[in-house]
Amino acid sequence: MSMSRIGDSQKRAVAHVALFPSAGIGHLVPFLRLAAMLASPNCQCRVTLIAVQPPVSGAESNELSNELSAFFASHPQINRLDFHLPIPSSPSEFADAEKPDPFFARFLDISSSVHLLHPLLASLSTPPLSAIFADFAVAADINRLADELSIPLYIGAGSFTAFPPHGTIRALTALSKEQIRELRNGLERSGCRFLWAIKTTKVGKDEREDLQDLLGSSFLERTKKKGLVCKGWVEQEQVSAHPVIGGFVSHCGWNSVTEAARFGVPILAWPLNGDQKLNAEVTEKAGLGVWMRHWGWLGENLVKGQEIGDQIIQLMQDKTLRVKAKKVKEEARKAYEVGGSSKKVLLEIIENL
């Protein structure tokens, strides 16, 4: 199938798809990419992106707002549909939890409110809605809605740190303070240049602890010429694309894995929860990285700084792994380009709408 097949077809009605990402900027970003592809001249779809309001928390409010504003400014052909959740989850639902996880709370909010989307989506008539693409985390609730609208549902199943001459660390999942300090020791032991985006709480909760209190002012002073430590969201794709980046210490969220594959950056895989263990296995089997299985799951083991530092050094010196990562990069490029497997699958879906 050629990319021009859809573009040249005058017989096919324009497909209209709605995209529904779940909570958090990590889930939003891949849906923005998908929206841009679907609305491109090659696919020629009418696209409505559903933005759930309000954001998960104040911690992500600015990042989400900026990301969405920039996206819609550069893609004016894509329709934005704000879905305002009417009521926050009742505290009684979390009787056994001192501080409920913000994502779990958001999933409950969506589940109890998704029926309100029906009239909004049913009113989209230029042209009528052809399909819904939803994040796997909200798929069960959106599936009922798709059945009511008699349209198909497509589920997105996917859900850093490095070092001379390269360097970056990004924690997508919160580590304990003790583990963060061991990671600090390991990073310094490695002697590598680094960018460390640090997270001390669950994603979506506000970050208030001072870096000096957490890491110590002496560490920040000793490493100020070779590293940068920050708290908050980092534009990971831009970091991954930089030529000085030589590796990632990653929890293996799917975004991290796909971006590392795209730019051929080796991964030291340290999965902690969710789909990260499966992603780490995919990473290792593809030749993109090394999975540290004995480092544990759900933060059950305290990994010492000496071992972390030694593994970082080994990652950076592994020439065989670097060659394999470059091959993965080339395969990713072929899949994404015109005529590649990713584009073909997307076009086949559109033709069946």
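Of the conditions (1) out of contact with any Pro (no Cβ under 9 Å at 6 or more places or on another chain); (2) surrounded by 20 or more Cβ atoms within 10 Å (Cβ to Cβ); (3) not basic (Lys, Arg), ASN42 satisfies every one except a single condition; which number is it?
Looking at each condition in turn, ASN42 falls short on (2).
Would you point out which residue out of TRP291, TRP297 is farther than 15 Å from ALA332 by Cβ, touching a helix residue (DSSP H, G or I) at 6+ places or on another chain (Cβ under 9 Å) and surrounded by fewer than 17 Cβ atoms within 10 Å (Cβ to Cβ)?
Selected residue: TRP297, the only one of TRP291, TRP297 that is farther than 15 Å from ALA332 by Cβ, touching a helix residue (DSSP H, G or I) at 6+ places or on another chain (Cβ under 9 Å) and surrounded by fewer than 17 Cβ atoms within 10 Å (Cβ to Cβ).
Tell me, please, whether a residue that is polar (S, T, N, Q), modelled with pLDDT of 85 or more and in a helix (DSSP H, G or I) can be found in region 91-102.
No, region 91-102 contains no residue that is polar (S, T, N, Q), modelled with pLDDT of 85 or more and in a helix (DSSP H, G or I).
Which of the residues that make up region 242-266 are assigned to a loop (DSSP other than H, G, I, E, B), among the small types (Gly, Ala, Ser) and under 24 Å from ALA137 (Cα atoms)?
Kept after step one, since they are assigned to a loop (DSSP other than H, G, I, E, B), are these residues of region 242-266: 242-247, 251-253, 264-266.
Now narrow it down to the ones that are among the small types (Gly, Ala, Ser): 246-247, 253, 264.
Listed by number, the list holds a single entry, GLY253.
Looking at VAL203, is it within 22 Å of the chain's Cα centre (by Cα), crowded, with 19+ Cβ neighbours inside 10 Å, at pLDDT below 90 and within 19 Å of GLY264 (Cβ to Cβ)?
Judged against the criteria, VAL203 is not a match.
Of the conditions (1) in contact with a Phe, Trp or Tyr (Cβ under 6 Å, 6 or more places away or on another chain); (2) surrounded by fewer than 16 Cβ atoms within 10 Å (Cβ to Cβ); (3) part of a loop (DSSP other than H, G, I, E, B), VAL303 fails just one. Which one is it?
All conditions pass for VAL303, except number (2).
The values are calculated or read from the model by the stated rules, or taken from the named source; none is laboratory data. Please read all numbers here as calculations on a predicted model, not as lab measurements. Glycine gets a Cβ as well: all are built from the backbone with ideal geometry, and neighbour counts include every protein chain shown.
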